[in-house]
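The values are calculated or read from the model by the stated rules, or taken from the named source; none is laboratory data. Since the structure is predicted, the reported quantities are computational estimates derived from the model, not experimental observations. Backbone-built Cβ (ideal geometry, glycine too); neighbour counts: all protein chains shown. SASA here: full protein model, heavy atoms, side chains in, ligands and nucleic acids out. Shrake-Rupley method; radii C 1.70, N 1.55, O 1.52, S 1.80 Å.
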Amino acid sequence: MTHHNKTITCISDLIEYIKLSGYDMLWFRGQRKSSWPLLPYIYRNYNPLLESQMIQRFMLKAQIFKDNCPAKTEYGDWLVLMQHYGLPTRLLDWSESPLVAAYFATAGNKEGEDASISMLNPGLLNSSLHEFGTLPNLSTLSPELKERCHNAFKLPENRTSSFRPVAVIASQNDFRMLNQMSCFTLHDMDTPLDEYEQSPFLEKFIIPAKYIDRIKTELLILGIRRSILFPDIENYARELRSIQKIES
């Protein structure tokens with residue numbers, strides 16, 4: 001993969017770039033501002049004490065609202081659950097689908113702002129930064145990776161040394177994760193993924209602001225819409241509310 005940002009003007013551009021990469025397994029992330037770094041939300045205004053406090057409070061009350069919460073020491077599963085419900089975590093969302101990434105790049109985009117889609121080779125990331133090419137499952141982590149997840153749950157003074165990002169998968173135990181084809185990078189420091197000097201595993205595509213509406217239309221034609229990616233009645237109603245005019 002190269003480091004020269006390419007421009008996407010339509011979905012077919014994106015498909016061509018993916019074909020040219022020559023890789024079979026790729027992950028994608030869409031961001032509505034091309035200037036945003038590839039960094040989990042928790043690190044954008046990082047307060048390590050606040051992170052551990054939010055996590056502990058979430059774990060205390062989650063069982064009231066949700067059946068079958070993870071066991072106390074299943075730190076990876078807890079991070080996925082928190083990410084799913086919108087709590088800032090050390091996980092950065094990716095998708096196995098470039099169309100899902102294109103949706104998130106263009107949905108809610110403000111007029112005049114360029115968006116972006118990043119393309120990641122997760123096996124290459126792990127072999128480049130960690131010397132293993134496998135994709136660990138957050139539900140069945142090795143003791144070493146489990147301890148890395150545990151860092152987020154500890155008070156700052158009790159945390160072990162930090163580590164570079166690692167690509168991980170998770171059990172897709174609800175329709176949202178399944179339909180979004182969710183996967184993650186797990187982070188333990190505030191260095192963005194796109195700032196590692198030797199990063200042959202990553203490529204970034206820019207969507208100029210003037211092409212965003214075209215790509216939105218193409219995604220609708222292809223059946224990529226909010227109620228598919230967020231399959232619940234609230235989001236279906238939100239999608240219907242956005243219809244400006246229904247032809248008779």
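Among the conditions (1) open to solvent by less than 30 Å² (accessible area, probe 1.4 Å); (2) in contact with a Pro (Cβ under 7 Å, 6 or more places away or on another chain); (3) of a type outside the set (Gly, Ala, Ser), the only one that Leu49 does not satisfy is (1). Checked against the criteria, Trp27 counts as open to solvent by less than 30 Å² (accessible area, probe 1.4 Å) and closer than 23 Å to Val166 by Cβ. Taking the numbered list (1) surrounded by 15 or more Cβ atoms within 10 Å (Cβ to Cβ); (2) closer than 18 Å to Trp94 by Cβ; (3) of a type outside the set (D, E, K, R) in turn, Phe153 passes all entries but (2). Checking each residue in the range 112-150 for being farther than 30 Å from Lys19 by Cα and surrounded by fewer than 19 Cβ atoms within 10 Å (Cβ to Cβ) picks out Ser139, Thr140, Ser142, Pro143, Glu144, Lys146, Glu147, His150. Here the range 92-108 is the region considered, the condition is being open to solvent by less than 10 Å² (accessible area, probe 1.4 Å) and among the polar types (S, T, N, Q), and the residue that is farthest from Trp27 (Cα to Cα) is Thr106.
The residues in the range 213-239 that are modelled with pLDDT under 85 and either open to solvent by less than 80 Å² (accessible area, probe 1.4 Å) or assigned to a loop (DSSP other than H, G, I, E, B) (or both) can be counted, and the count is 11. Taking the range 194-212 as the range and being open to solvent by 40 Å² or more (accessible area, probe 1.4 Å), assigned to a loop (DSSP other than H, G, I, E, B) and closer than 19 Å to Phe28 by Cβ as the test, only Pro200 passes.
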